[in-house]
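Before any comments, here is the structure.
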Amino acid sequence: MNKIVTLEEAMCHIKDGMTIMIGGFMAAGTPEKFMDALVEKGVKDLTIIGNDAGWPDRGIGKLLINKQAKKMIASHIGLNPEAGNQMNAGALEMELVPQGTLAERIRAGGNGLGGVLTPTGVGTIVEEGKQKIEVDGVEYLLEKPLKADIALISASIADKKGNLYFNKATKNFNPLMATAAEVVIVGVEKIVEVGEIDPNDVMTPGLFVDYMVEV
Amino acid sequence: MNKIVTLEEAMCHIKDGMTIMIGGFMAAGTPEKFMDALVEKGVKDLTIIGNDAGWPDRGIGKLLINKQAKKMIASHIGLNPEAGNQMNAGALEMELVPQGTLAERIRAGGNGLGGVLTPTGVGTIVEEGKQKIEVDGVEYLLEKPLKADIALISASIADKKGNLYFNKATKNFNPLMATAAEVVIVGVEKIVEVGEIDPNDVMTPGLFVDYMVEV
Amino acid sequence: MNVKEIIARRVAKELKDGDVVNLGIGLPTMVANFIPKDMDVMFQSENGFIGLGAAPEEGKEDLDLVNAGGQPVTIVPGGAFFDSATSFSIIRGGHVDATVLGALQVDEKGNLANWMVPGKMVPGMGGAMDLVVGAKKVIISMTHTAKGKPKILKECNLPLTAAGQVDMIVTEMGVMQVTKEGLVLTEINPQYSVEQVQEATEAKLIIADDLKNMEI
Amino acid sequence: MNVKEIIARRVAKELKDGDVVNLGIGLPTMVANFIPKDMDVMFQSENGFIGLGAAPEEGKEDLDLVNAGGQPVTIVPGGAFFDSATSFSIIRGGHVDATVLGALQVDEKGNLANWMVPGKMVPGMGGAMDLVVGAKKVIISMTHTAKGKPKILKECNLPLTAAGQVDMIVTEMGVMQVTKEGLVLTEINPQYSVEQVQEATEAKLIIADDLKNMEI
């Protein structure tokens, strides 16, 4: 079960029209080398699920600037004007989701749950078109799980079994997305031998990881 | 904000009739000293939420043997015959919950979610009396969040701000329960100075912890 | 070879390199003993880790490291600990390739009953209901009958653990697959005749055209 | 003292020892500068940690340690990192004592609009909708008007961030509490008269019997 592949081999899994989760938060914890490789590869019509639209020159932003996405599901796009421009021009379908709801929807997708019952968004346009469920007199929105064909995430350290460790604020959406995609590909800063990460400190167990690229 | 108290001070918070979450899994990760102290204190009519009924002489089992619970919400009681006996005799109300559902209900309680939509239990007696919600053609049970007055949990290491670290298989329900009770009291094996636990490795942030007892 | 070993050996052959597997208590735990050494199968323990290893040597037990039955165990290199929510994210989320469980009753529709006998034994379902719903493959491993009475029924009459989730049944008499048409006997222990297997089974067995001897 | 500092200083007085606080981007981040040194307030950063510290010295930036705006920051001793689901467990679960946010509009029912101007600026709600629903106390800190136009309205006409969740509003002109009866002006900046404050406010203000000078 060798999970370590080259960047090129990893990118072979990504095809036009796929739904792709991309980890990171304003590019911190985003697998930047994968962004560059996807720009070079030129895959298009992607549906991208990520916290934000990154920056014009960093993170998910690179894919948007290169017009590789047809749809984006994100919580915040304000720091990459290109995202708003494409959205307003009708070139990019944009589903804006409250950040906590986005995290839970991804978690639910990876967790076999039927959805998320959240108070967030009640009484706002976020509730439009969604089922409302009352539990003990309080109204919640039923937000549906998210899954993807591919998750592109990053980790600071991984062992050869794919056990992952995330440094500082790079955790964010990475551990969640690792659970919710058919194929999970990790850009790892440093790959170590099995046993070098204390089993207490593993943040994402290797069973969630399909491929790793040392970046 | 000194969170470190004596065992006696900690137990003052626990009163007859309260709903108490108790961490651990077959007594691994259960705050054993708190069990002994509660037996000594003799509080009664407790509603206990925990994975299991422990052993007759270890973990939650001690409280059951001493007839301090009027109700228990658990996933497994098979290794403490007293639990089944009291249940069959009508002395103990027992709500048996699938283990994954129990974990998610506690998480939902601590997380501000309205409930859990799970496929687990559909077509079994677990679904009795529960709302069923269909999402994209699949049926899920709506399982309600659980909260408690008190959570009694254990940790292997804590710093003085209450940041917790759990060793090996003692995590289990402890980090979840830390989020879901009004007052969270932790039995800690070893209390260290602030900064001694790497912020990357904190498993439960101190903000969830009200009191700690070095045990 | 005793009956339990026959069953455990046959179940072990269902597991593949790279699989994540959860074994129920009792007979299913024996399956771990028959995994080829060169095969990488990781066992998940629903109380919160992956990489369940053998029992520790006497005197080397660690109270912080137990299995779902509360018994001291070890963890293999490359294992990892997690909390109960994550444990069931793995289970319910479809990240367990196979679960091997015992049964009180199983029926031709793939229904399973293994968690209570009303008024008598009510141990609780523990993680079984989630495992049966979430694992990609549900394998029931058990003796074919209990005190001479069939456990493989037309329809379970004990409270179910889950409806229609069982994929296959392995007993000392043979291997049965759950299909839309009913239970198909695909392998038979050559110590028994097809008639004997049917006699010990309440559900009507469909005999596979290419019925094989049970591989053990 | 400039307008923003007046606001930030006043908001800082709302925070208590031991509080967990989330500050929105812009003006609210200034609040951190006015917490007394002997007071233990921990700032949560919704991208995944608690213990948000000051900006790092130049040259000491760490790309792995940024705030929710993607800017380099530091973490204080006793802080902790977590993933986004845990971050919002903290927020939605009611474990944040106070959140301080800016607003485009806020109204007398406690409705807040701060995440989009249809057809123009649509930055997205980020974590704001969860914060406003989940935090125990929601404090809006902003300049009283925008280009001379009131931002405190009878009813918001921009898309809401949340309905009826705002607890108090702090501007350079004064402090208003959201009550069932409407907005109560409890403190006023002595540089302004009550009439001036009302003039700059579309909603009808209820003047507290014990109206005080704004503490800064």
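Quick test of your reading of the structure: A:Glu32 fulfils all but one of (1) surrounded by fewer than 20 Cβ atoms within 10 Å (Cβ to Cβ); (2) more than 18 Å from the chain's Cα centre (by Cα); (3) over 24 Å from D:Leu160 (Cα atoms). Name the failing condition by number.
Failing condition for A:Glu32: (2).
Within the group A:Asn174, A:Asn200, A:Asn167, which residue is more than 10 Å from chain D (Cβ to nearest Cβ) and more than 30 Å from D:Pro118 (Cβ to Cβ)?
A:Asn200
Would it be correct to say that C:Thr99 is in contact with a Pro (Cβ under 8 Å, 6 or more places away or on another chain) and among the polar types (S, T, N, Q)?
In short, no.
How about the stretch D:1-30: which of its residues are under 26 Å from A:Lys171 (Cβ atoms) and among the hydrophobic types (A, V, I, L, M, F, W, C)?
D:Val20, D:Val21, D:Leu23, D:Ile25
Does A:Lys3 satisfy being under 26 Å from A:Arg107 (Cβ atoms), in contact with an Asp or Glu (Cβ under 6 Å, 6 or more places away or on another chain) and surrounded by fewer than 24 Cβ atoms within 10 Å (Cβ to Cβ)?
no
Looking at the stretch A:84-93, is at least one residue crowded, with 24+ Cβ neighbours inside 10 Å, without any contact (Cβ under 8 Å) to a residue 24 or more places away in the chain, more than 8 Å from chain D (Cβ to nearest Cβ) and in contact with a helix residue (DSSP H, G or I) (Cβ under 7 Å, 6 or more places away or on another chain)?
no
Considering A:Ile133, A:Ile157, which residue is β-branched (Val, Ile, Thr) and under 24 Å from the mean Cα position of the chain (by Cα)?
Result: A:Ile157 is the single residue among A:Ile133, A:Ile157 that is β-branched (Val, Ile, Thr) and under 24 Å from the mean Cα position of the chain (by Cα).
Take the conditions without any contact (Cβ under 8 Å) to a residue 60 or more places away in the chain and under 19 Å from the mean Cα position of the chain (by Cα) and apply them to B:Ala169. Does it pass?
no
Let me confirm something: among B:Pro98, B:Pro81, which residue is surrounded by fewer than 21 Cβ atoms within 10 Å (Cβ to Cβ) and either within 16 Å of the chain's Cα centre (by Cα) or more than 7 Å from chain C (Cβ to nearest Cβ) (or both)?
B:Pro81
For the stretch C:1-38, name all the residues that are of a type in the set (Val, Ile, Thr) and either in contact with a Ser or Thr (Cβ under 8 Å, 6 or more places away or on another chain) or within 13 Å of another protein chain (Cβ to nearest Cβ) (or both).
Selection gives C:Val3, C:Ile7, C:Val11, C:Val20, C:Val21, C:Ile25, C:Val31.
Among (1) of a type in the set (Ser, Thr, Tyr); (2) within 14 Å of the chain's Cα centre (by Cα); (3) within 19 Å of A:Val183 (Cα to Cα), where does A:Ser75 come up short?
Every listed condition holds for A:Ser75 apart from (3).
Quick check on my filter: what residues within the stretch B:26-57 are touching an Asp or Glu at 6+ places or on another chain (Cβ under 7 Å) and within 14 Å of chain C (Cβ to nearest Cβ)?
Once the filter is applied, which keeps residues that are touching an Asp or Glu at 6+ places or on another chain (Cβ under 7 Å) and within 14 Å of chain C (Cβ to nearest Cβ), the stretch B:26-57 yields B:Met26, B:Ala28, B:Pro56.
Cβ-Cβ below 6 Å, separation at least six or inter-chain, first residue in the stretch A:129-150 and more than 7 Å from chain B (Cβ to nearest Cβ), second of a type in the set (Asp, Glu): which pairs?
Short answer, once both residue conditions are applied: A:Lys132/A:Glu139; A:Leu141/A:Glu127; A:Asp149/A:Glu182.
Among the residues of the stretch D:146-153, is any crowded, with 16+ Cβ neighbours inside 10 Å, touching a residue at least 40 places away in the same chain (Cβ under 8 Å) and touching a helix residue (DSSP H, G or I) at 6+ places or on another chain (Cβ under 7 Å)?
no
Would the stretch A:10-29 turn up any residue that is free of Cβ contacts under 8 Å to residues at least 60 places away in the same chain and under 26 Å from D:Glu61 (Cα atoms)?
Within the stretch A:10-29 (the criterion being free of Cβ contacts under 8 Å to residues at least 60 places away in the same chain and under 26 Å from D:Glu61 (Cα atoms)), the answer is yes, since at least one residue qualifies.
In the stretch B:193-215, how many residues are under 19 Å from D:Ile75 (Cα atoms) and over 15 Å from the mean Cα position of the chain (by Cα)?
So the count comes out to 14.
Counting residues that are within 25 Å of C:Val73 (Cβ to Cβ), which strands (runs of 3 or more DSSP E) fully inside the stretch B:106-211 reach at least 3?
B:148-159, B:181-192
None of the figures in this text is laboratory data; all of them are computed from the coordinates on show. Owing to the predicted nature of the structure, the values given are computational and were not obtained by experimental measurement. Heads up, the Cβs are rebuilt from the backbone with ideal geometry, glycines too, and the neighbour counts pull from every protein chain shown.
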